[in-house]
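Data first, discussion second: the structure below is written as C-alpha cells.
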Amino acid sequence: MSGADTTPLARELAARIARDGPISVAAYIDACLQHPEHGYYRRQAAIGTAADFITAPEISQVFGEIIGLWCAVVWQQLGSPARVRLVELGPGRGTLMGDALRASRLVPAFRAALRVELVESSTTLEAAQRAALANEAVPLTWSRELAPGGEPAIVVANEFLDTLAVEQWVFRGGTWRTRCIDCTAGGALSFADGRPPLCADVPAGLAAPAEGSIFETRGAAFATLTAKLAAVGMPVAGLFIDYGHASPGYGDTLQAVSKHGYADPLARPGEADLTAQVDFAGFAAAVRGAGLVCDGPVPQAEFLGRLGVLERGSRLMAANPGQAAAIEAAIARLMAPVGMGTRFQAIGIRSPDLAPLPALTPVDTAHRTP
Ligand code: SAH
C-alpha cells in the first residue's frame, strides 16, 4: 500500500518506475529530499520544535558557541590568517552560525578575518538563515554548492552527512544486489532486489553476510563531497557532527521522520525526512582518498565536554537564573550517554600538513606511547 497515490511525488515515482524499471534506494532518497518541486528539503521548514525534528543547535545555544570557539582555535592553528573562509554545509535555520558568530566576539582578530559562506539547497531554509543572520556584521554569502578556493578555509556541518543519499545492497542467493524501489500495478511502492552491482564496497574484514543482510554506504556521495572539501581551501580544516556508527556493520538504518516520530520510508515520499546512519569509517576512507587526514570520530559528549560545555553552561545559568533549569536540561540532552551524547559523533578533516584538530583525538589513542 505504501506510496500509492499518497503524494504528488509518489505518483511521479510510480510513473517513472513503470516506464524505466525499479530505482535504487539512493535515487529514491535523492528524489524525496532534493526533487526541485516536491523534495522535502526544497519545500518545508523541517527543523524545530514545531516541525519534524530538532537538532543540537536548536536545543541549546551552547552547541553553536562551542563550535564557534573551536573554529577560533583552528584559525590560530592555521597561523591566524588575515582572511579565512568559514563555510557551513546545510545550515538549517542559521542557529548554529548565529551562536558561533556571537562566540567569535571573544576572539576579535578571528572575527575580523571571517568570510562566512552558507551552502544551502533549500530556498525556504535559506530565507530562514537570512532572517536569523540579518543583523550580523560579518560578511555572509549563500550558495548551493561548495565552491573551490585558494585561501584558508574552515568547514562545519551538523547533521549534513546523513542527508546524503545512502546506497543499500541486499545479500541474496550468494551475491550482493542493489536494493531498489519497485511499484505494483496499483502504483504502490515497495522494496525489491535489483541486479548485482559490479562491486558492493563491503569492507574486507567484515563477517560473512547472512541471507538477506543489508549493507549501506554513501561511497559515491562521500567521494564527491570529499573531493570538493580537498579543493575548498589551502589549507582546509573541517568538523562534521552526525549520528552514526564508528565501525562498519550490516543493517538497514533507513528511516523516515515526520512530526517528531518515525514513519514508513515509502509512505509519503517528499513529505518526511529520510536519513540513514553515517558510516564514519566509510567517510574517513573517502577523506583519505581525497588526500586529506581525519581526526576522530569521538562521541559528541566527549567532544563538547573537552571544549568546556559544562563550564559554559554554568556561566549561562548564573547569568540567567530564571532559565537555569531549562539550560541544564538542554545541555544534559546534548550530553546524554544513552542518547545524543553517544549516538552523535564528531569527526575532523584537515590538510595533511596541519596539526591534529582540537578535541577530536579518540580516547584510546590519545596517550598511547609509540
Ligand atoms: N545543520 C542544521 C540543519 C540540519 S538538517 C542543524 O543542525 O540544525 C540538513 C540541512 O542540510 C538543511 O539545512 C538542508 O536543507 C540542508 N541540505 C540538505 N541537502 C543539501 C545539499 N545537497 N546541499 C546543501 N544543503 C543541503
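Things worth noting here:
- The lone exception for Thr224 - which of (1) under 29 Å from Arg102 (Cβ atoms); (2) within 16 Å of the ligand (Cβ to nearest atom); (3) at pLDDT 95 or above it fails: (1)
- Sole residue being surrounded by fewer than 22 Cβ atoms within 10 Å (Cβ to Cβ) and either under 18 Å from Leu133 (Cα atoms) or in contact (Cβ under 8 Å) with a residue 12 or more places away in the chain (or both), chosen from Ser104, Ser80, Ser60: Ser80
- With respect to (1) in contact with an Asp or Glu (Cβ under 9 Å, 6 or more places away or on another chain); (2) modelled with pLDDT under 95; (3) within 12 Å of the ligand (Cβ to nearest atom); (4) farther than 18 Å from Ile349 by Cα, the lone exception for Arg177 is condition (3).
- Within the stretch 97-119, not a single residue is part of a loop (DSSP other than H, G, I, E, B) and either under 18 Å from the mean Cα position of the chain (by Cα) or within 14 Å of the ligand (Cβ to nearest atom) (or both).
- Scanning the stretch 194-212 turns up no residue that is under 18 Å from the mean Cα position of the chain (by Cα) and under 29 Å from Glu145 (Cβ atoms).
- Scanning the stretch 120-147 for residues that are surrounded by 13 or more Cβ atoms within 10 Å (Cβ to Cβ) and more than 14 Å from the ligand (Cβ to nearest atom), we see that the one that is nearest to Ile59 (Cα to Cα) is Glu136.
- Only one of the numbered conditions (1) over 22 Å from the mean Cα position of the chain (by Cα); (2) buried (at least 19 other Cβ atoms within 10 Å of the Cβ); (3) hydroxyl-bearing (Ser, Thr, Tyr) is not met by Thr217, and that is (1).
- Only one of the numbered conditions (1) out of contact with any helix residue (DSSP H, G or I) (no Cβ under 9 Å at 6 or more places or on another chain); (2) modelled with pLDDT under 95; (3) assigned by TED's automatic domain parsing to the domain that holds Ile54 is not met by Thr365, and that is (3).
- Exclusive hit being touching a Cys at 6+ places or on another chain (Cβ under 7 Å), of a type outside the set (Asp, Glu) and surrounded by fewer than 19 Cβ atoms within 10 Å (Cβ to Cβ), set Ala192, Ala188: Ala192
- Taking the stretch 266-370 and the helices (runs of 4 or more DSSP H) fully enclosed by it, the elements with 1 or more residues that are basic (Lys, Arg) are at 280-289, 300-306, 309-319, 324-335, 340-343.
The values are calculated or read from the model by the stated rules, or taken from the named source; none is laboratory data. Given the structure is predicted, the values throughout are model-derived calculations rather than measurements. In this analysis, Cβ positions are derived from the backbone assuming ideal geometry, glycine residues included, and neighbour counts consider all displayed protein chains.
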